[in-house]
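None of the figures in this text is laboratory data; all of them are computed from the coordinates on show. Computed from a predicted model, the values in this text were never measured in an experiment. Here the Cβ is made from the backbone with ideal geometry for all residues, glycine too, and neighbour counts use every protein chain on show.
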Amino acid sequence: MATANPVLPEKCCLNCNFLANTIENRPNWISREDRERLRGGEDLLIKAQRFLGCYHNIWDEANPLRLDFEELRRVLVKDRGYSCFFYQFTHGLFFQAAETLERRAADRREAEADRDLSREALELTQKGLRYTRRALWVAVIALIVSAIMSIVSLCFTAGQNDRPKASVTPSVTIKSDSNALPPVSEPSP
């Protein structure tokens with residue numbers, strides 16, 4: 001007899017509505033009492049000659065005579081998380097109803113994940129918009145400063161243009177080049 005394991009993962013086959021025993025190829029749900037016996041380590045499958053498996057065929061122990069109960073127990077208590085068709089055991093809930101409810105729960109999880117992604121995208125967009133606004137304000141301020149500087153520069157140069165300028169005559173210096181040819185005189189008529 002196996003030792004009891006009081007701490008089970010929340011999403012394990014022993015807690016799943018899809019844990020089934022098969023009689024004449026027809027799956028039947030396992031009662032709360034039988035689940036408690038399995039949880040306590042009782043090897044009731046060999047005694048009752050039951051075929052135990054998952055309604056969704058994730059695993060199947062079809063031959064109870066070759067069944068290693070400790071190996072089966074490891075399958076039953078394995079944490080399935082969201083990697084499986086898990087739906088919490090509800091006494092009297094039919095497989096088809098549990099299947100529909102599990103599908104709805106999976107759809108809700110997927111929709112919530114999509115909403116989370118949408119919220120994150122919206123937050124990033126809002127941050128980008130804030131930075132864009134700041135950049136726009138910096139550009140506007142730079143444009144205003146540039147306009148003021150241009151006006152000041154124009155005023156300063158206009159003020160200099162109004163002053164009388166000193167007359168400066170350019171002085172021309174002609175250098176003589178000894179290699180230069182003498183001027184050619186034109187023949188007179």
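When each of Asp34, Asp114 is scored by the number of other beta-carbon atoms lying within 10 Å, the sequence from fewest to most is Asp114, Asp34.
Extending 7 Å from Cα along the Cβ direction at Leu93 and again at Glu10 yields two label points whose distance is 1.4 nm. Distances between placed amide hydrogens fall under 5 Å for Gln88 paired with Asn17, all partners being 5 or more residues away or on another chain.
Placing pseudo-labels 7 Å out from each Cα toward the beta carbon at Asn57 and Leu136 gives an inter-label distance of 5.9 nm. One chain, two ends: Ser118 and Ile144. Fully extended at 0.36 nm per residue, the span grows by 5.5 nm beyond their Cα-Cα distance.
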